[in-house]
Amino acid sequence: MDQTAFMIGFSVMAIASLIIYVTGDKKYPFGHHTLVHASVPFIAATAYLAMAFGFGNLTLDSGTIVYLARYADWSITTPLLLAGLVMLAFHEQGKPGEMGGFLTAIIVLDVMMIITGLVSSLAENPVAKWVWYSWSCAAFLGVVYLLWGPLRALAATRGNALAGAYNKNVALLTLVWFIYPIVFLVGPEGLSVITDATSVQAFLILDIIAKVFYAFYAAANMKKALSHTTPVGAVRR
């Protein structure tokens with residue numbers, strides 16, 4: 001267990017959460033995005049603190065450590081990040097219930113991806129491990145399909161500026177998220193190609209990109225897009 005990495009993770013996430021909230025725009029239509037992105041690293045900080053103190057760190061018979069707090073973190077923070085993308089794609093428009101349908105579908109797939117990934121990490125039978133890992137990847141591909149298929153098409157109807165912001169945000173998040181299952185695959189919970197410490201450090205770097213850097217990146221893209229967009233109800237002169 002790399003306690004130093006966990007404490008670094010806690011410190012970075014806690015400070016980032018405060019900075020994102022303090023510096024973020026809290027006026028409409030940015031306010032809810034600021035709240036979402038500020039809450040993500042706060043939740044991650046809580047998970048890193050738990051892992052640093054050993055809470056929820058489960059050691060299997062094989063000697064592999066499964067960090068339950070990590071999966072608890074992902075099961076909350078990843079739906080929040082996805083919710084931000086769905087809200088951007090709709091941008092205060094759409095038919096009643098339409099956004100709720102997309103949110104439900106993508107969050108269910110996402111949570112199933114996390115749960116089945118946890119089951120894979122706990123499975124010590126090789127066949128069961130890779131069956132559950134494959135099923136987790138299938139759920140992930142479902143998330144990717146919704147992001148790059150119907151939601152991207154929907155964002156395209158909101159104008160070039162908002163579509164561009166959506167495409168930039170989803171591209172970065174998708175790229176980073178594709179690396180997570182690779183780290184899992186080569187880590188102690190998978191093929192054990194890398195050590196537990198290396199795995200912890202790799203996930204820390206990915207978390208900082210996906211939860212801290214992405215927050216500032218997404219906010220900047222959205223602000224730039226909306227500066228070129230006429231608000232709903234506004235009259236062009």
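If you scan region 160-179, which residues turn out to be closer than 17 Å to residue 211 by Cα and open to solvent by 30 Å² or more (accessible area, probe 1.4 Å)? Spell out how you get there, then give the answer.
The first filter runs over region 160-179 and keeps only residues closer than 17 Å to residue 211 by Cα, leaving 166, 168-179.
Listed by number, the residues that qualify are 168, 171, 172, 175, 178, 179.
Taking region 1-60 as the region of interest, how many residues are open to solvent by less than 70 Å² (accessible area, probe 1.4 Å), in contact with an Asp or Glu (Cβ under 8 Å, 6 or more places away or on another chain) and of a type in the set (S, T, N, Q)?
Number satisfying all stated conditions: 1.
On the basis of being closer than 30 Å to residue 126 by Cα, among the polar types (S, T, N, Q) and either within 22 Å of the chain's Cα centre (by Cα) or open to solvent by 30 Å² or more (accessible area, probe 1.4 Å) (or both), does residue 198 make the cut?
Yes: the conditions hold for residue 198.
Just checking, how many residues over region 103-142 are open to solvent by less than 70 Å² (accessible area, probe 1.4 Å) and either within 14 Å of the chain's Cα centre (by Cα) or aliphatic (A, V, I, L, M) (or both)?
Total satisfying the criteria: 17.
Take the conditions over 24 Å from residue 176 (Cα atoms), of a type in the set (Val, Ile, Thr) and open to solvent by 40 Å² or more (accessible area, probe 1.4 Å) and apply them to residue 157. Does it pass?
So residue 157 passes the test.
For region 61-102, how many residues are open to solvent by 20 Å² or more (accessible area, probe 1.4 Å), within 28 Å of residue 190 (Cα to Cα) and assigned to a helix (DSSP H, G or I)?
Residues flagged as open to solvent by 20 Å² or more (accessible area, probe 1.4 Å), within 28 Å of residue 190 (Cα to Cα) and assigned to a helix (DSSP H, G or I) within region 61-102 amount to 6.
The values are calculated or read from the model by the stated rules, or taken from the named source; none is laboratory data. A quick note: this is a predicted structure, and the numbers were derived from the prediction, not measured. Every residue, glycine as well, gets a Cβ built from its backbone with ideal geometry; the counts of neighbours run over all protein chains shown. Each accessible area value is taken on the protein alone, full model and side chains, heavy atoms only, with ligands, DNA and RNA left out. Shrake-Rupley method; radii C 1.70, N 1.55, O 1.52, S 1.80 Å.
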